[in-house]
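The values are calculated or read from the model by the stated rules, or taken from the named source; none is laboratory data. The model shown is predicted, which means the values in this text are computed figures rather than measured ones. Here the Cβ is made from the backbone with ideal geometry for all residues, glycine too, and neighbour counts use every protein chain on show. What goes into the accessible areas is simple: the full protein's heavy atoms, side chains included, and nothing from ligands, DNA or RNA. Shrake-Rupley method; radii C 1.70, N 1.55, O 1.52, S 1.80 Å.
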Amino acid sequence: MNNNTDFFVIKALEDGVNVIGLTRGSDTKFFHSEKLDKDEIMIAQFTEHTSAVKVRGKALIQTSHGEMNNS
Ligand code: TRP
């Protein structure tokens, strides 16, 4: 399955931004939560295990679909 080629970038605009990975498949579960402080950046991919990501807190998010700022 070609689901893991694109990277996305999340830059925290405040302390305590949570990046939460959700599992692929029939069960949708939180499986990992990464905490970013202001100006920390996470570069990640969707993988065999990760089909969705939830971002809590103010962040700048770049994907191949564009750039989003949820602040
Ligand atoms: N071990 C996880 C995986 O391969 C790591 C991971 C990839 C992840 N992308 C993520 C965790 C996005 C949180 C958010 O699927």
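Between L60 and V9, the modelled labels are 0.8 nm apart [label points 7 Å from Cα along Cα→Cβ]. For the range 39-61, the residues whose amide N sits under 14 Å from a probe point set 7 Å from the Cα of H32 along the beta carbon direction are 42-54. Between D39 and I20, residue separation times 0.36 nm minus the direct Cα-Cα distance comes to 5.1 nm. Only Lys, Arg, Asp and Glu carry charge here, each on its Cβ (+1 for the first two, -1 for the last two); on that basis the range 7-69 has a dipole of about 180 debye about its Cα centre.
With all protein chains in place and ligands, DNA and RNA left out, the 1.4 Å accessible area ranks M68, M42 as M68, M42, largest first. Selection among N69, F7, T23 by position relative to the dipole of the range 7-69 gives T23 as farthest towards the positive end (Cβ unit charges, Cα centre). Per residue, the range 24-71 exposes 77 Å² of solvent-accessible protein surface, assessed with a 1.4 angstrom probe and all protein chains in place.
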